[in-house]
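Chemist: One structure is given below, represented as structure tokens, and several questions about it will come after.
The values are calculated or read from the model by the stated rules, or taken from the named source; none is laboratory data. The model shown is predicted, which means the values in this text are computed figures rather than measured ones. Cβ placement follows ideal geometry from the backbone for every residue including glycine, while neighbour counts extend to all protein chains displayed.
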Amino acid sequence: MESEERPSKMRKLSHDRGVAAVKEAEGPAPAEDSKTEDITKDIANEQKSDSGEDDDDAADPHTCIEVPENGEVVPKLSKNQLKKQRRLEKWEAGREDRKVKRKEKIQAKKQRRREEGVTKPARPLRHGPTPGNVPITVVFDCDFEDLMFDNELKSLGLQLTRCYSDNRKAKYQAHLAISSFGGKLKERFDGILAKQYTSWKGVRFFSEDFVHAAEKSQESMKERQYPPLPSALFEGAEPTETEGEGEIVYLSSESDVILDRLKPNSTYIIGGLVDKNRHKGVCYKRAVNRGIKTAKLPIGEFLQMKSRQVLVTNHVLEIMLKWMEFGDWGKAFMEVIPKRKGGVLKTGLEEGEDGLTPDVEENPDATEQVADHPEDRDDEGMVAASAS
């Protein structure tokens with residue numbers, strides 16, 4: 001009996017190879033079948049075009065690709081995109097008509113209100129001080145660029161900006177002027193600060209020196225009419241002083257004159273020098289050489305300080321503004337000087353105390369000495385300057 005052989009196992013073919021093998025076994029397809037299939041496709045395409053359907057849109061409802069004769073691929077808009085584009089064009093075309101209709105609607109509303117006797121409520125007026133409502137001018141002498149480093153010039157720019165802000169918010173506003181405005185300081189205001197100073201109100205900028213700026217300020221104050229003076233300026237002033245020439249005073253701690261009060265129609269100059277006490281007495285010498293009066297704020301007369309009598313430039317101006325509001329130097333100092341400096345009014349001390357601590361020393365010009373200790377910097381990190 002012949003042994004029965006087990007049939008060999010057939011190898012598995014991939015799908016593509018299997019299909020190819022079947023086609024090879026069947027041989028080439030008849031030409032008639034291919035022709036029939038092409039005719040069927042043409043009939044189907046004609047039916048779709050008659051019914052308004054787009055074969056490309058059906059294949060891709062969003063964006064289709066059209067290949068023109070030059071071979072470049074150009075995106076073809078779908079129906080939805082075409083509809084949106086037409087709506088947008090229609091909206092743009094009707095822009096002028098809508099504008100005319102809005103004007104007609106507003107006019108009709110106004111006419112209807114007039115016929116009904118209804119008036120639009122008036123807008124409330126802004127209450128607050130107006131620029132330069134007090135005949136006092138403060139000039140910042142900025143002719144010290146050669147004596148300062150770049151970071152000190154930056155600090156001076158910040159202080160001047162703060163001075164403008166404080167003056168705008170004050171109950172009684174003084175006129176402000178900046179002399180010797182040029183060089184790197186002006187470049188900073190024009191560049192990084194984007195020329196914001198050109199819109200400042202109540203501030204004048206002079207390329208000339210402080211004497212020229214002070215004289216022009218005196219002339220400008222004569223030509224203006226002012227509301228009633230605050231009591232601090234009016235009390236103690238001679239009748240001729242309220243209508244007189246006033247005076248020009250350069251603030252410097254090296255002066256022998258103590259500034260007991262601000263006088264109407266006067267100009268006060270603050271030296272815009274920020275340094276680390278490298279140039280002592282520069283502001284005072286400038287004033288003396290030009291024949292300008294000098295005076296110092298009476299900080300030592302009113303306060304006991306636990307640290308140096310050092311203030312930033314904007315604090316000097318703010319103290320003057322507070323004095324015009326309160327009429328009291330002590331109250332003005334306590335309102336402005338940072339509490340960390342430990343300032344105490346001398347009127348509250350026991351009799352016999354001199355009000356000064358060993359580390360308090362006489363400082364140079366009003367805006368000259370810079371604190372070299374971290375606690376002598378103001379809240380914004382600006383370089384501090386002496387104010388007494």
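Chemist: In segment 266-276, what residues are out of contact with any Cys (no Cβ under 7 Å at 6 or more places or on another chain), assigned to a loop (DSSP other than H, G, I, E, B) and crowded, with 20+ Cβ neighbours inside 10 Å?
Modeler: Val274, Asp275
Chemist: Can you report the number of residues in segment 277-296 which are touching a strand residue (DSSP E or B) at 6+ places or on another chain (Cβ under 8 Å), touching a residue at least 40 places away in the same chain (Cβ under 8 Å) and not in a strand (DSSP E or B)?
Modeler: Qualifying residue count for the region: 5.
Chemist: Here's a follow-up. Here is a check on your reading of the model: is Gly246 closer than 21 Å to Gly132 by Cβ and of a type outside the set (Phe, Trp, Tyr)?
Modeler: Yes: the conditions hold for Gly246.
Chemist: For residues that are within 20 Å of Lys171 (Cα to Cα), modelled with pLDDT of 75 or more and assigned to a helix (DSSP H, G or I), tally how many sit in segment 212-241.
Modeler: 3
Chemist: Of all the residues that make up segment 175-196, how many are assigned to a loop (DSSP other than H, G, I, E, B) and either hydroxyl-bearing (Ser, Thr, Tyr) or under 30 Å from Leu229 (Cβ atoms) (or both)?
Modeler: 2
Chemist: Something else: Failed condition for Tyr172, given (1) in a helix (DSSP H, G or I); (2) more than 24 Å from Asn289 (Cα to Cα); (3) in contact (Cβ under 8 Å) with a residue 12 or more places away in the chain, with all others met?
Modeler: (1)
Chemist: A follow-up question, please. Condition first: at positive phi and either within 31 Å of the chain's Cα centre (by Cα) or not acidic (Asp, Glu) (or both). Can you find one or more residues in segment 224-235 that meet it?
Modeler: No, there is no match, as no residue in segment 224-235 is at positive phi and either within 31 Å of the chain's Cα centre (by Cα) or not acidic (Asp, Glu) (or both).
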